[in-house]
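Asker: Could you have a look at this structure, given as structure tokens, before my questions?
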Amino acid sequence: MGEMHMNREWWRTAIIYQIYPRSFNDSNGDGIGDIPGIIEKLDYLKRLGVDCLWLSPVYASPNCDNGYDISDYKAIHPDFGTMDDFDMLVKEASDRGIKIIMDLVINHTSDEHEWFQKALAGDKKYRDYYYFREKKNNWGSFFGGKAWEKVHGEEMYYLHLFDKKQPDLNWHNPEVYKEVCDIMCFWLDKGVAGFRCDVINVIYKNSLENGKRRIALTGLEHYLSTEGCHDILRRLQKEVLSKYNAFTVGETVFVDPDQAKLLMGESRKELNMVFGFEHMECDQRGIKWFKRAYAPERLIKALDKWQVNCEWTANYLENHDQPRSVSRFGDEENCRVESAKMLCLLNLSLRGTPYIYEGEEIGMTNGDFEKISQIMDVESLNINNILRRFPIPKGTRERMIFRTTRDNARTPMQWDESVGAGFTTGTPWLRINGNHEWINVKAEEKDENGVLAFYKAMIAYRKQSEALQFGDYERIEAEKGVYAFKRKAEGQEVTVIVNMNGYDRKLPDVAGKIAISTYNREKLEEIKTLKPYEALIIE
Ligand code: TEU
Ligand code: CA
């Protein structure tokens, strides 16, 4: 299908901004970001130029995994405000032409959800909403350790692919399907535009047989992207989503482009697009705790593979589970601004829908944690407990945690240089990065050469570019660590050149005029070499 025939659904030209509500803006000084806080910043988001906000979970939750453990799918957590606040957010956003998408977490609930509580109390109906078994299998959890927990006072175990406070739902049970349809309609009726579907390709377990032993996630082959999962997605599309013309992006773990294509469905009868992880694994050895030195070539290879093989992708370099991209793929010490601009240009030039994670637009860096006691992320704390059993020096273990913890992305949004970073007047739930004194929105808004100004320019540029929004993708030759490609639409072609190295490189062979430059270059002819992290778009 060529670009001329591609449907022009809103989500193809949209720029989606992810909000991690706990860390975005605290309106009442309790140290936790909230919905009224998001409303206060809608004008900021409008000025940035984004079209849609994805909210990480704001539902009732005991917060073992910051809302990814839901205890009531139809209630707003009081930390975040009220249902009236939520309705107000949808309205105020819509008045500004901004859509809202919700996080749909349906692989598991919280153990404090009424269903699970009833199940524990012995209610047969609700036991069948989950996986209760007298014998556990050998499966491993995403957060380390085993995927089964014993039921207190019974010879019985339940399955949890994530924390033990996140029991997996039994998608073989038609009642579970009905409950979820009902939840989805509840939010769609409120006017949300769709869902980001949490770990959606693991929801359906083919069997509970033992898995092949692996260093992590033993059992994977029994639940990854199963036929049953495809069936459920097609049914949800037909029976719920299509009725609202609702949008979905799936968070799909361990998929390659071929599996991604199946999840998007031949004619998009399952999900509209998916988040792949291959580019996020380019600096890891098998599991993220084992670091592999970052080499731009590996990132380029993963991005190129998806660009070539998928007609559409959900493009991102950051989210609430990943370290900050400047700290990871750039140089936060010596070239923070240059590398943040380069990453912006890259993310917004690829084929697909770009996602920006809060703080990415001002080049926020990884957290500056000094002690494990400053870490709140359940994944890191579980892994820390496991690592403690091995003879690893304390310093090494702490460095492993600090480098990989999801809290790197969750430190409060840096609005200004004040003690609470303009995020809160109280005590923040997670340590604010000390660099908020110079890295913050207020400073960026005054800096016409800053990261934020570049984001605005790049967003505006993409919005008027047929080639970037709908063009084909074709990689062109360049030196190692330089990513260069053409995006070609009818009557328009641009060349994107990205030096992902922290040193000079040769400019590939191109002609034309500079449309966007991270170094304020004016004439292509004047460029002798690409500077560290320099990126360009040439028309
Ligand atoms: O993430 C799923 C997931 O794959 C991650 O937990 C991943 O294993 C880890 O973050 C890599 O470091 C989703 C949510 O995005 C995450 O925040 C939740 O904790 C998780 O599902 C469970 O709901
Ligand atoms: Ca608050």
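The values are calculated or read from the model by the stated rules, or taken from the named source; none is laboratory data. Everything numeric here is computed off the predicted structure, so don't read it as measured data. All Cβ positions, even for glycine, are placed from backbone atoms using ideal geometry, and neighbour counts span all protein chains on display.
Asker: What do you reckon, is Ile76 touching a residue at least 12 places away in the same chain (Cβ under 8 Å), under 17 Å from Pro428 (Cα atoms), in contact with a helix residue (DSSP H, G or I) (Cβ under 7 Å, 6 or more places away or on another chain) and not basic (Lys, Arg)?
Answerer: When the stated conditions are applied, Ile76 does not pass them.
Asker: Shifting gears a bit: The conditions are (1) buried (at least 22 other Cβ atoms within 10 Å of the Cβ); (2) more than 23 Å from Arg196 (Cα to Cα); (3) touching a Leu at 6+ places or on another chain (Cβ under 8 Å), and Gly219 fails exactly one of them. Which is it?
Answerer: The failed condition is (3).
Asker: For the stretch 106-136, enumerate the residues that are more than 16 Å from ligand 1 (Cβ to nearest atom), without any contact (Cβ under 8 Å) to a residue 60 or more places away in the chain and part of a strand (DSSP E or B).
Answerer: Phe132
Asker: Another question, then. If I ask for residues that are out of contact with any strand residue (DSSP E or B) (no Cβ under 7 Å at 6 or more places or on another chain) and away from ligand 1 (no atom under 14 Å from the Cβ), which ones from the stretch 51-75 would you list?
Answerer: Scanning the stretch 51-75 gives a single hit, Lys74.
Asker: I'm told Asp103 meets every condition in (1) within 16 Å of ligand 1 (Cβ to nearest atom); (2) assigned to a loop (DSSP other than H, G, I, E, B) except one. Can you identify the failing condition by its number?
Answerer: (2)
Asker: Among helices (runs of 4 or more DSSP H) lying entirely in the stretch 207-320, which contain 2 or more residues that are at negative phi and within 16 Å of ligand 1 (Cβ to nearest atom)?
Answerer: In the stretch 207-320, 257-264 are the helices (runs of 4 or more DSSP H) which contain 2 or more residues that are at negative phi and within 16 Å of ligand 1 (Cβ to nearest atom).
Asker: Yes or no: Glu417 touching a helix residue (DSSP H, G or I) at 6+ places or on another chain (Cβ under 7 Å), outside any helix (DSSP H, G or I) and of a type in the set (D, E, K, R)?
Answerer: Yes; evaluated as a whole, the condition is true for this residue.
Asker: Please return the ranges of strands (runs of 3 or more DSSP E) entirely within the stretch 451-517 where 3 or more residues are surrounded by fewer than 22 Cβ atoms within 10 Å (Cβ to Cβ) and under 27 Å from the mean Cα position of the chain (by Cα).
Answerer: Because the criterion is at least 3 residues that are surrounded by fewer than 22 Cβ atoms within 10 Å (Cβ to Cβ) and under 27 Å from the mean Cα position of the chain (by Cα), the strands (runs of 3 or more DSSP E) in the stretch 451-517 that meet it are 472-476.
Asker: Quick check on my filter: what residues within the stretch 433-448 are closer than 19 Å to Leu45 by Cα, part of a loop (DSSP other than H, G, I, E, B) and not acidic (Asp, Glu)?
Answerer: Answer for the stretch 433-448, where residues must be closer than 19 Å to Leu45 by Cα, part of a loop (DSSP other than H, G, I, E, B) and not acidic (Asp, Glu): Ile439, Asn440, Lys446.
Asker: When you look at Thr218, is it hydroxyl-bearing (Ser, Thr, Tyr) and within 19 Å of the chain's Cα centre (by Cα), yes or no?
Answerer: No, not satisfied.
Asker: Would you pick out the residues in the stretch 337-387 that are of a type in the set (Asp, Glu) and under 18 Å from the mean Cα position of the chain (by Cα)?
Answerer: Across the stretch 337-387, the qualifying residues are Glu358, Glu360, Glu361, Asp377, Glu379.
Asker: Among the residues of the stretch 321-349, which ones are under 14 Å from Ile16 (Cβ atoms) and either among the charged types (D, E, K, R) or not in a helix (DSSP H, G or I) (or both)?
Answerer: Scanning the stretch 321-349 gives a single hit, Leu348.
Asker: I want to confirm something. Restricting to the stretch 376-422 and keeping residues that are modelled with pLDDT under 95 and touching a strand residue (DSSP E or B) at 6+ places or on another chain (Cβ under 7 Å), which single residue is nearest to ligand 1 (Cβ to nearest atom)?
Answerer: Among residues in the stretch 376-422 that are modelled with pLDDT under 95 and touching a strand residue (DSSP E or B) at 6+ places or on another chain (Cβ under 7 Å), the one nearest to ligand 1 (Cβ to nearest atom) is Thr404.
Asker: Filter the stretch 149-167 for residues that are crowded, with 22+ Cβ neighbours inside 10 Å and part of a strand (DSSP E or B); which is nearest to ligand 1 (Cβ to nearest atom)?
Answerer: If we take residues in the stretch 149-167 being crowded, with 22+ Cβ neighbours inside 10 Å and part of a strand (DSSP E or B), then Leu159 is nearest to ligand 1 (Cβ to nearest atom).
Asker: Among the residues of the stretch 8-22, is any in contact with an Asp or Glu (Cβ under 6 Å, 6 or more places away or on another chain), away from ligand 2 (no atom under 16 Å from the Cβ) and over 19 Å from Asn440 (Cβ atoms)?
Answerer: Yes; the residues of the stretch 8-22 include at least one that is in contact with an Asp or Glu (Cβ under 6 Å, 6 or more places away or on another chain), away from ligand 2 (no atom under 16 Å from the Cβ) and over 19 Å from Asn440 (Cβ atoms).
Asker: Checking the condition under 29 Å from Gln166 (Cβ atoms), surrounded by fewer than 21 Cβ atoms within 10 Å (Cβ to Cβ), within 11 Å of ligand 2 (Cβ to nearest atom) and among the acidic types (Asp, Glu), which residue from Asp26, Asp30, Asp72, Asp34 passes?
Answerer: Asp30
Asker: While we're looking at this one, here's another question. With the requirement that a residue be touching an Asp or Glu at 6+ places or on another chain (Cβ under 7 Å) and buried (at least 20 other Cβ atoms within 10 Å of the Cβ), what does the stretch 267-291 give you?
Answerer: Phe275
Asker: Continuing with this model, one more query. All but one of (1) away from ligand 1 (no atom under 16 Å from the Cβ); (2) part of a loop (DSSP other than H, G, I, E, B) hold for Leu430, so report the exception by its number.
Answerer: Every condition holds for Leu430 apart from (1).
Asker: List every residue pair whose Cβ atoms sit under 6 Å apart, with the two residues 6 or more apart in sequence or on different chains, where the first one lies in the stretch 31-60 and is within 25 Å of Ala314 (Cβ to Cβ) and among the small types (Gly, Ala, Ser) and the second, anywhere, is in a helix (DSSP H, G or I) and within 16 Å of ligand 2 (Cβ to nearest atom).
Answerer: Listed by first residue and then by second, the contacts come to Gly33/Pro21; Gly33/Arg22; Gly33/Ser23.
Asker: Kindly provide the set of residues from the stretch 75-97 that are surrounded by 17 or more Cβ atoms within 10 Å (Cβ to Cβ) and either at pLDDT below 95 or in a helix (DSSP H, G or I) (or both), ordered by number.
Answerer: Answer for the stretch 75-97, where residues must be surrounded by 17 or more Cβ atoms within 10 Å (Cβ to Cβ) and either at pLDDT below 95 or in a helix (DSSP H, G or I) (or both): Asp79, Phe80, Asp85, Phe86, Leu89, Val90, Ala93.
Asker: Which residues, taken from the stretch 390-414, are outside any helix (DSSP H, G or I) and within 22 Å of Gln284 (Cβ to Cβ)?
Answerer: Within the stretch 390-414, Phe390, Ile392, Pro393, Thr405, Arg406, Thr411 qualify.
Asker: Would you call Lys125 surrounded by fewer than 21 Cβ atoms within 10 Å (Cβ to Cβ) and within 28 Å of Lys288 (Cβ to Cβ)?
Answerer: So Lys125 does not fit the description; no.
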